[in-house]
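Written out below as structure tokens is the structure these notes cover.
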């Protein structure tokens, strides 16, 4: 996959959308982040978040899914995350929130095969829930032909 | 829980800069690496041992955010065991921001990662006059003592209750 050779700094992609169910939130929390505000409605309402909300790490992991699917649709194969230089959680993500992200190409180094993206994840009210900068490693260009990219807009199925 | 009377949660003021702990270890299994990969990072080197063999990793590796999720799991365990007697979910740990998160080496099935943290700074900033912000440096090392993962995180810690000012007399 060498479509990324065509990427330009400043270019932006809209990812697909992803709806987070209460079950998704509880399952992730039970396995990775069993704190009351991610597990129990009552405790969550009394917390700083004001209601049962997803672990920040789940939101971050979902972001990687949205980005991965979007680049795949563009014919770009991610080989891994090198760094997240900075990331901020802005507002909680609640059950049934619909997330999508804007991925802006901040730098594209073809020699080192590194792609720096500025990413904003927002909910259905267009409020930004997560912002970050992320450096991705991209597969070396290959000469093998690729299938045509699919639509950039899609809904992700967990 | 009766014991909770004797476990006082730590306030912001109680947490010393320089505190260092080796707070937990986790052995990654092939099954959990694939499960996490399928949900969150569906590149073949996270989801298929066979296809992963043809990737640059030459085998299955854990998704980057899987490391962060396991860090969180072990940190919650640790907070409950040692640092606080968290009862109400209000006092500890909501994350604000992350800096310099880096992955240095792949984590493969069977690898055991041990995590450390060090409190490196207490920020001056206050949130809603109720929370302070604690910055910690966190690292993960594999079974060969090679660093595989590191980052800094700012989390909220509740301020100790103060005697009401004289205006309320």
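Of all residues in segment A:66-82, at least one satisfies being within 13 Å of another protein chain (Cβ to nearest Cβ), closer than 21 Å to residue B:153 by Cα and at pLDDT 95 or above.
When segment A:28-46 is examined, which residues are found to be crowded, with 23+ Cβ neighbours inside 10 Å and either free of Cβ contacts under 8 Å to residues at least 12 places away in the same chain or more than 9 Å from chain B (Cβ to nearest Cβ) (or both)? Scanning segment A:28-46 gives a single hit, A:29. Inspection of segment A:126-148 finds a residue satisfying the criterion of being modelled with pLDDT of 95 or more and part of a loop (DSSP other than H, G, I, E, B). Here residue A:12 meets each of (1) over 26 Å from residue B:67 (Cα atoms); (2) at the interface with chain B (Cβ under 7 Å from one of its Cβ atoms); (3) modelled with pLDDT of 95 or more with one exception, condition (2).
Evaluation of residue A:85 against the conditions (1) assigned to a strand (DSSP E or B); (2) more than 14 Å from chain B (Cβ to nearest Cβ) shows that the sole unmet condition is (2).
Which residue is nearest to residue B:93 (Cα to Cα), if the candidates are limited to segment A:1-42 and must be touching a strand residue (DSSP E or B) at 6+ places or on another chain (Cβ under 8 Å) and part of a loop (DSSP other than H, G, I, E, B)? Residue satisfying both the conditions and the ranking: A:35.
Annotation note: Cβ proximity below 7 Å between a residue of segment A:48-64 that is facing chain B (nearest Cβ under 7 Å) and within 17 Å of residue A:133 (Cβ to Cβ) and a residue that is in a loop (DSSP other than H, G, I, E, B) and modelled with pLDDT of 95 or more (sequence gap 6+ or interchain) occurs for A:64/B:41. The condition of being facing another protein chain (nearest Cβ under 8 Å) and modelled with pLDDT of 95 or more does not hold for residue B:62. Is it the case that segment B:98-111 has a residue that's modelled with pLDDT of 95 or more, within 7 Å of chain A (Cβ to nearest Cβ), closer than 22 Å to residue B:158 by Cβ and buried (at least 18 other Cβ atoms within 10 Å of the Cβ)? Among the residues of segment B:98-111, at least one is modelled with pLDDT of 95 or more, within 7 Å of chain A (Cβ to nearest Cβ), closer than 22 Å to residue B:158 by Cβ and buried (at least 18 other Cβ atoms within 10 Å of the Cβ), which makes the answer yes.
The values are calculated or read from the model by the stated rules, or taken from the named source; none is laboratory data. These figures come from a predicted structure and were not determined experimentally. Cβ atoms come from the backbone with ideal geometry, glycine included; neighbour counts cover every protein chain shown.
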